[in-house]
């Protein structure tokens, strides 16, 4: 018995060595195939790994090696982190450390927040992940706090209030550690908030800076808001930004303007809603901005992943930023200065604009102009869910393509005039969904970022809501709301493998190698996140539950 207890204790200690993640480690990205230290797999959020043990030939031999119940029936959108054989995963009410080889829970720290919080905050009772730095794990909480835990024990080290959640603010994103600063954003764009991005001291939790996404009096861009509309202008920041260590620049997507009714915010572009901000991580100072949808007419939130890559532009290697925008256009920007390189339609149906002009501004269609001037109901494509929602994409540096889950869904859109009341919704529109005639809403596409054209696509009658991962083995991983986790050929889109997890997959897959074995992990669980689609039979049976799954090749059947 004593020998068994000693062996168990030693086993528990083995994966817990070496917790001081440095800035140098965080910059390794996909070159560190044993660990996953960043949201997005690397600072540029390419979600690519050079690992190739799982490849086009062997993927069919994938099997689950373990699964762990997350004891949570809410949606699971968290991206796991992996460090020295330990997986860290978050839910809305817990942070969990797991032995990466066995799936054994090492520690679990509950997150406590007022029970009335879910009745006020928007949108989704979820958490999308954590950050690691210098032996600490950083995460946000639904009731608008940011906290640090000891990565070895799960003990809370500090916890700071961001803002009063009772006014509609929430924190659901994974923090970003850049240049030694913990950076967080906020949710609540549909509650009449004034959005912002914060910087925190990782050692103490001291608040270092705040950059508002809606400029106040005396700040550049304030004149793009008429009257006092800036006070409740939205501009949430609920998806984690990217970071270029060479340029010492963070790139953060900014959400929709509030309320949705653009006539209530006219005239003016309503900076910096529906934009990307380039920030100094030490001070939060804005270096440049690019606005995708000025005076946002249809909730074309622009928080989704800002992917950093190097492309050959007119014969010159160029640092670019790639964004499949909710407005249906795929953008390529020079990330050194924010100048537009390309912007092309990447969805099949788009009628709110006819193109993007040379200055990067959308050329609005007669339908959009009609809505702006009359307030009449119009049928608009894409819908408020966009051509691509929050779902993170993957850039494959081997072929220069972006792999993304996109949507084909329209809407009947009628502007309304809501009254602002703190802690209540501030929408500004009535909606009715318009489905495509062929019945396919979800598309996994391999997109040329410079043209917006798809090399191949895989269709689905339900939205594809989770993240995408590509690998050096020529495999694309993603999941479906029907519960299936899948692998596809990166060149053709041919399905190579699938596994039914038993609950909707909207998590973000990651891969790493340990003791010579390549693993892939993803969270599953779509508990009730799609109330907006209530009544549509295609989503009536989305399975709930919450689990973390790990897969590897079956050694008995793989070559």
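Rounded if a/c is under 1.5, else prolate if a/b beats b/c, else oblate: with a ≥ b ≥ c from the C-alpha gyration tensor eigenvalues square-rooted, which is the stretch 70-129?
Prolate, because a/c is 1.5 or more and a/b exceeds b/c.
What per residue convex hull volume, in Å³, comes out for the stretch 116-216 when only alpha-carbon positions are used?
Dividing the Cα hull volume of the stretch 116-216 by its residue count gives 96 Å³.
log₁₀ I(q)/I(0) of the stretch 332-455 at q = 0.09, 0.13, 0.14, 0.20 Å⁻¹, via Debye over equal Cα point scatterers, no solvent, to two decimals?
Log10 of I(q)/I(0), two decimals: -0.33, -0.67, -0.77, -1.23.
Go ahead and estimate [θ] at 222 nm for the chain from helices alone: -39,500 (n - 2.57) per DSSP H run with n ≥ 4, summed, over the residue count, rounded to 500.
-1000 deg cm²/dmol
What are the equivalent ellipsoid semi-axes of the stretch 281-353, built from the alpha-carbon gyration tensor (square roots of five times its eigenvalues), in whole angstrom, biggest first?
Equivalent ellipsoid of the stretch 281-353: 22, 18, 10 Å, largest first.
Using the Cα atoms of the chain, I'd like the radius of gyration and the largest Cα-Cα distance, Dmax, both in angstrom.
Rg, Dmax (Cα atoms, Å): 22.2, 80.
With the cut-off at 1.5 for a/c, could you classify the stretch 215-294 from its C-alpha gyration tensor as rounded, prolate or oblate?
prolate
Rounded to the nearest 0.05, what FRET efficiency is calculated for residue 457 and residue 207 with R0 set to 45 Å and r the Cβ-Cβ distance?
Efficiency for this residue pair is about 0.50.
Quickly rank 129-138, 208-217 as a protection proxy: mean count of other C-beta atoms within 10 Å, highest first.
On the way: 129-138: 23.0, 208-217: 18.0.
Descending mean neighbour count gives 129-138, 208-217.
Residues of the stretch 435-473 with amide nitrogen under 12 Å from the 7 Å Cα-to-Cβ point of residue 379?
435-437
What shape does the stretch 231-363 take by its C-alpha gyration tensor, where a ≥ b ≥ c are the square roots of the eigenvalues and a/c under 1.5 counts as rounded, a/b above b/c as prolate, and the rest as oblate?
Verdict is oblate for the stretch 231-363.
Over the chain, calculate the relative contact order: mean separation of alpha carbon pairs under 8 Å at least 6 apart, over the residue count, as a percent.
That works out to 15 percent.
Two decimals is fine: what is log10 I(q)/I(0) at q = 0.17, 0.22, 0.25 Å⁻¹ for the stretch 397-461, from a Debye sum with one equal scatterer on every Cα and no solvent?
Debye output, listed in q order: -0.75, -0.89, -1.01.
Each reported figure results from applying straightforward, stated rules to the coordinates on display, with no laboratory input. Just so it is clear, the structure is predicted and the values come from calculations on it, not from any experiment. Cβ atoms come from the backbone with ideal geometry, glycine included; neighbour counts cover every protein chain shown.
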